[in-house]
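Below: one structure, written as structure tokens.
The values are calculated or read from the model by the stated rules, or taken from the named source; none is laboratory data. No experiment lies behind these values; they were computed from the predicted model shown. Neighbour counts run over all protein chains shown; Cβ positions are idealised from the backbone, glycine included. Just the protein is used for accessible areas: all its heavy atoms, side chains included, with ligands, DNA and RNA removed. Shrake-Rupley method; radii C 1.70, N 1.55, O 1.52, S 1.80 Å.
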Amino acid sequence: MNLTEIITWLLPLPPLLAFGLIVLFTNKNNRLSHSLAVGAAALSFLGSAFVLAQAFTTEHLGENPIASRLPWLPVGGGTLDVGVLIDPLSAVTLAFVAVTVLMIFIYSVGYHNFGQPVGDHDHKGLPPHGAKEHGHAVPSIEPMYARFFAFIGLFAFGMYTLVVSDNLLTLFVGWEIMGLCSYLLIGFWFGKESAREAAKKAFMTTRVGDVFMLLGVVYLYSAAGTLSFREILFNEEMLNHLATTPSWFGLSAAGLIGILLFIGTIGKSAQFPLHVWLPDAMEGPTPVSAMIHAATMVSAGVYMVARLFPLLSAGWHEGGALTPAMTAMSVIGAFTALFAATIAVAQNDIKRVLAYSTISQLGYMVAALGIGAFVAAVFHLVTHAFFKALLFLGSGSVIHGMEHGVLHTGDHKVDPQNMWNMGGLAGKMPTTFWTFLVGGMALSGFPLITAGFWSKDEILADAWGNGHVVVFGVLALSALLTAFYTMRQITLTFLGKPRTKEAEHAHETPLTMTGPLMVLAVFAIAAGWVGIPEHFPFIGGVLPNWFHEFVGGTLLEHPHAVDFDPIPLFTSLGVALGGLLLGYLVYREAKTDPLKKVLGPVHRVLENKYYMDELYDWAFVRPSRRIAHDFAYMFVDRNLIDGFLHAVGELSYWLGGFFREKFDRPVVNGFGDWVADTAQWFGNAIRKVQSGSIQQYMLLSMLLAFIGVFFYLWVLQP
Amino acid sequence: MDFILEPLNLVTFFPLAGVLLLLFIRKDGPARWISLVTSLITFGIALWVLALFDPGQAGLQLEVNHHWFSFSGWEIRYALGIDGLSILLVLLTAFLTPISILSTWHAVEDRVRDFQLFFLLLEVGMTGVFLAQDLFLFYVFWEFTLVPMYFLIGIWGGEKRMYAAIKFFLYTMAGSILMLLAILWLGIDGGSFYVPQLIEQGGIPADIQVWLFLAFAAAFAIKVPMWPLHSWLPDAHVQAPTAGSVILAGVLLKMGTYGFLRFNIPLFPQAAVQLAPLMATLAVIGILYGAAVSFSQTDVKKLVAYSSISHLGFVVLGLFALNEQGIAGAILQMVNHGISTGALFLIVGFIYERRHTRELDQFGGLWKIMPVYAVITLIVSLSSMGLPGLNGFVGEFTILLGAWGAANGPLGSYLYAALAALGVILAAIYMLFMFQKMFLGPLTNKKNENLLDLSRREILIMVPLLVFIFWIGLYPKPFFGLMAASVEQLVALVGGLP
């Protein structure tokens, strides 16, 4: 093992150590706790930078990745090895994970009001309500400040583990650890009913996906004999073998494994129909939403299918018919992209809009992978992580500013997350505004400058170039909606005049919060420049299309870049600019949502998220309760099985009684009594013999002696 | 003297030394200490056995094998032996006993001496079951475990203890009688009760194998317990004192799964292959059913009891995959279940000692006042629901690998693995349900406000369990290493049978 490999092994460890140290020793000391956590994130960041410097300068990293492994779990004959692998795909993923994680750790210090006094009425498990200082209401520090940093440390450990894994098993380990942290952090303010419910819902829903994924892992192992990425995915023979082995439902083994694993992604990346948990997950503190529910964990779902792309696409050639797994991905991805975008249009909570937007953008990536646009999907994964983390942190900053206003007015009924209570924040919170604007533009795909434009454009170009017209159309439409609701959000939040007193008294947040915003804003723009297509008009070829070259090397066969075509370019320009303009015009001076009137009942359906929660409650939650309690426990267990047992018991008891009454007493006892009675009678009868008079005994013994002698002489002798 | 100093004799019967001493003790304090020290020394002896154990060897080791007595030509041997199938269970028994005894420190105040006496007797019986290599001797130990357990539940149990104790006793006896008949048949037919010899002889016709298999299975399936023979378990658990529940779930139930492993599979290999789908079906029903019923419980202890049925379903499924992954996973899962469920029962015991109730409605928001307790419960619950990185996952994952692989072999369908995986979701549901009800949410019940967090003694009890939860989860290799050779040999025995 050389130094780079050793450092790769060590990348996940600092946050885990921080978690352990905080939990065991420093949980009473806030400053030490956050120093440990942020220090650990920085250490992992530096380590990642070192490894990445090595990776980015290696020629043909795809063929010569940084890799090392050790035996871990012996399973019948073979062993499952665990190891680390840095190939182009994990390298770019590591890059955005390292940056966003560090930024979000730093941001959390400010977000949880470090340095502020302890709240007057704050309780563990509830968000801080503020404190009085010198007669002024000021924000108060989070009551479980240290615990928060412990949890996000554990989370970072899971994410780093997932990224550096060289096999599906440790990837799954990291995947589940993140799921746990997601549960703990969504439910961080466990005093709130809604947070508790959201946490449970998130864990359960993703768990449904995880079980299918686990089956996929098991199936893959039994079909391939290994779970190592290199041995399966970089191995033509193995892929052919899996693609030609028949399985059920008319699929090949590769097809069924691919679909099973993809269901894991549906859960983790909140794709339809398992998307319901992500919007509710916004109950968690905002840094959590930014890190777990935008930049890293939900991205991990897409990372996993991107990682397994060679398996999912086994048997497919560029331009050829899609494999069943790819078809499933393109259908679900495209549908989710549009579906979630329509809901986002009708949401009023600033974080929920972003949540639906995340679902929609993840759908974009999944659809892109589905149509074989591997590099474009990964590109969007990277750029999205930056700008969506930026947007979430920005929204957290906005909420923080609004809470400041709420503390000032003292009217706690005003929801600081509702965009209709905002307006005109641009002047009050300039840094937040400008960075949010950058993020919003990147999300909308504002042409040429932003990273989002380049990655989104590449997906659309790929869809069009390879003749997936339906996917192209759906994605273009959702891009239009994306631009529209983003501008709606920006307009309602930052532009115009403040609509409430609270918004008037909003306040810019401290540097620990705005600093990370600025750093991420740089990435939200510059991350796009590494992947400008070579044949793009005017600016193509100025910078080499490094991303395509580099990430394409992940695959055995280097994918082709699509040829330039003006139609997708103009489409993406049109939808982005059109959507932004429309959003601005509609909401410029709105006091209430004009769409409500225009769309009527449709709007209500959108606002209620197509009633999916109610449907699931009716179709799954309530029946399962009934089956568990009424049927299984009360009927089968208590009535049927125990009923039978008790019946046997009763029967034996009855039989016992029966024998006692009908047999024991009359027959057995009767016989016994008869014997006893007879003996008694006999005893009575011969008692007379025992008179106590010697003469009578004498006579009797002589009589007996006489009989004895007589018997001896006359019967025995002759 | 040499005979007494045989490692296996010593590990089995050393607790009797404590029993002898206890006979002369009247005071509670010394009785507890004698019992604890005895069980700790026994654990030390078990570690010595581990040190002497050679994992490379597949067959029985450290054997003690003597003529015991004969009747009308049939020879009964006093034969003890250990191999990869039993070593972990012997260690588990020796490990959980001192932990359970330590948990009774304040929980059992009534007739302390007698309690400890029965507890040590129970340990003798359990270790004997795992070591006996003669069917007759095995049966003696098997029945012997019933007696102390009956008294532990019947004397120190809850309100409905007599009902539970009798149900436990009669149920188990009913199964044992069928097994006894089969043992007699085997001994008379094979001319010996010595198990390795019977396995070597083989030659039992397939149709008779099926009957014998079923007779043994009756005893073991009740003990495991497998659906639908499980209904004694929740009652026994709910009524048993904490330490009794820990041992009951941790070790006694394993006697059932171990019985399948030690007797049913190698003695009746053809029947095992033939009946594997039946066993697997019952196992999968148990997994889903136990989980579903668990979910609807309001008594924490009952919830954990039903979850045992679900977890042991996994073990049986692994065993009857009849391949290396399945069986190795099943053995590891027996250990995992012993540790995790044992820990869960201790956790329930801690709160019961404080509040004298186990109803979920009575709790809520405990995280705030008992943070250490909350964190430990969370880790144990996660281990029980099979979170990767903790012990439960390694066992379940290996079992699923085995069950999936067996679809081309004895099981004949992938459905078993697929449905068992569903149990993994359900486990998450009921465990989180429990955790949420107890620890999250607002602190509504005034009675909970002044609860004390875990004492040093209680933490001391939990730490060894937590160590193994992480150790097995992160680095399971040494545990698999102990059993690998024996498992391979066992699988070779059933391999290639129709």
| query | How much accessible surface does A:MET204 have with a 1.4 Å probe, in Å² rounded to 10? | reply | 40 Å²
| said: Accessible area per residue for chain A in Å², computed with a 1.4 Å probe and the full protein assembly in place, what is it? | reply: 41 Å²
| request: Treat each spin label as a single point 7 Å out from the Cα along the C-beta direction, and report the B:ASN65 to B:LYS447 distance in nm. | output: 5.9 nm
| remark: Computed from the beta carbon distance with a Förster radius of 30 Å, FRET efficiency for A:TYR616 and B:TYR475 to the nearest 0.05 stands at 0.15
| message | For a test of the definition: using alpha carbon positions, the gyration tensor, and the 1.5 limit on a/c, classify segment A:6-82 as rounded, prolate or oblate. | response | oblate
| What net charge do the residues around B:LEU248 carry, taking every other residue with its C-beta under 14 Å from that of B:LEU248, with Lys and Arg at +1 and Asp and Glu at -1? | +4
| query | Using the Cα gyration tensor of chain B, with a ≥ b ≥ c the square roots of its eigenvalues, what is the shape: rounded (a/c below 1.5), prolate (a/b larger than b/c) or oblate (neither)? | reply | oblate
| Out of the DSSP beta bridges found with both residues in the protein assembly as shown, what percent are antiparallel (nearest 5)? | 95 percent
| note | In whole Å, largest first, the alpha carbons of segment A:614-708 cover along the principal axes 111, 23, 19
| message | So if I take the centroid of the Cα atoms in segment A:643-663 and the same for segment A:429-480, what is the distance between those two points in Å? | response | 79 Å
| note | The correct ranking of A:ARG604, B:ARG354, A:ARG660 by accessible area at 1.4 Å, largest first, is A:ARG604, A:ARG660, B:ARG354
| note | Contact-by-burial set, segment A:156-203, min loss 30 Å², accessible area of protein heavy atoms with 1.4 Å probe, reference chain alone, gives A:LEU169, A:VAL173, A:GLU176, A:LEU180, A:TYR183, A:LEU184, A:PHE190, A:ARG196, A:LYS200, A:PHE203
| note | Site B:ILE166, offset 7 angstrom along Cα→Cβ, radius 17 Å on amide nitrogen, limited to segment A:631-646, gives A:642-646
| request: For segment B:317-341, list whatever residues lose no less than 10 Å² of accessible surface once every protein chain is in place, relative to that chain by itself, with the probe at 1.4 Å. | output: B:GLU324, B:GLN325
| request: With a point put 7 Å past each Cα toward its Cβ, work out how far A:ALA685 is from A:GLU63 in nm, to one decimal. | output: 11.9 nm
| message | Leaving out ligands and nucleic acids, and using a 1.4 Å probe, what accessible area per residue does chain B come to in Å²? | response | 31 Å²
| Of B:ARG457, B:ARG111, B:ARG26, which has the most accessible area with a 1.4 Å probe, and how do the rest follow in descending order? | B:ARG26, B:ARG111, B:ARG457
| message | Give me the percent of accessible area attributable to carbon and sulfur for chain A, probe 1.4 angstrom. | response | 67 percent
| field | Euclidean distance of C-alpha centroids, segment B:56-129 and segment A:185-207, integer Å | value | 45 Å
| At what distance in nm do the modelled label points of A:GLN116 and A:MET634 sit from each other, each positioned 7 Å from its Cα along Cα→Cβ? | 4.9 nm
| Which lysines have a Cα less than 26 Å from the Cα of A:LYS591, not counting those fewer than 8 places away in the same chain? | A:LYS351, A:LYS413, A:LYS428, A:LYS497, A:LYS501, A:LYS609
| note | The alpha-carbon center of segment A:41-96 and that of segment A:609-623 are separated, in whole Å, by 42 Å
| field | Total accessible surface hidden between A and B, rounded to 100 Å², 1.4 Å probe | value | 4800 Å²
| Given the protein chains as shown and a 1.4 Å probe, how many square angstrom of A:HIS123 are accessible, to the nearest 10? | 110 Å²
| query | Sorted by accessible area with a 1.4 angstrom probe, largest first, how do A:GLU661, A:GLU5 fall? | reply | A:GLU661, A:GLU5
| task | For segment A:212-230, state which residues have at least 50 Å² less accessible area in the presence of all protein chains than in their chain by itself, taking the probe as 1.4 Å and leaving out ligands, DNA and RNA. | result | A:LEU214, A:LEU215, A:VAL218
| said: For a Förster distance of 56 Å, can you work out the FRET efficiency between the beta-carbons of B:ASP2 and B:ALA107, rounded to the nearest 0.05? | reply: 0.85
| note | In chain B, lysine pairs 8 or more places apart or on different chains with C-alpha atoms under 26 Å apart total 29
| field | Tilt relative to chain A, helix A:511-526 - C-alpha long axis, 0 to 90 degrees, to 10 | value | 70 degrees
| If you roll a 1.4 Å probe over chain B with all protein chains in place, what percent of the accessible area is carbon or sulfur? | 67 percent
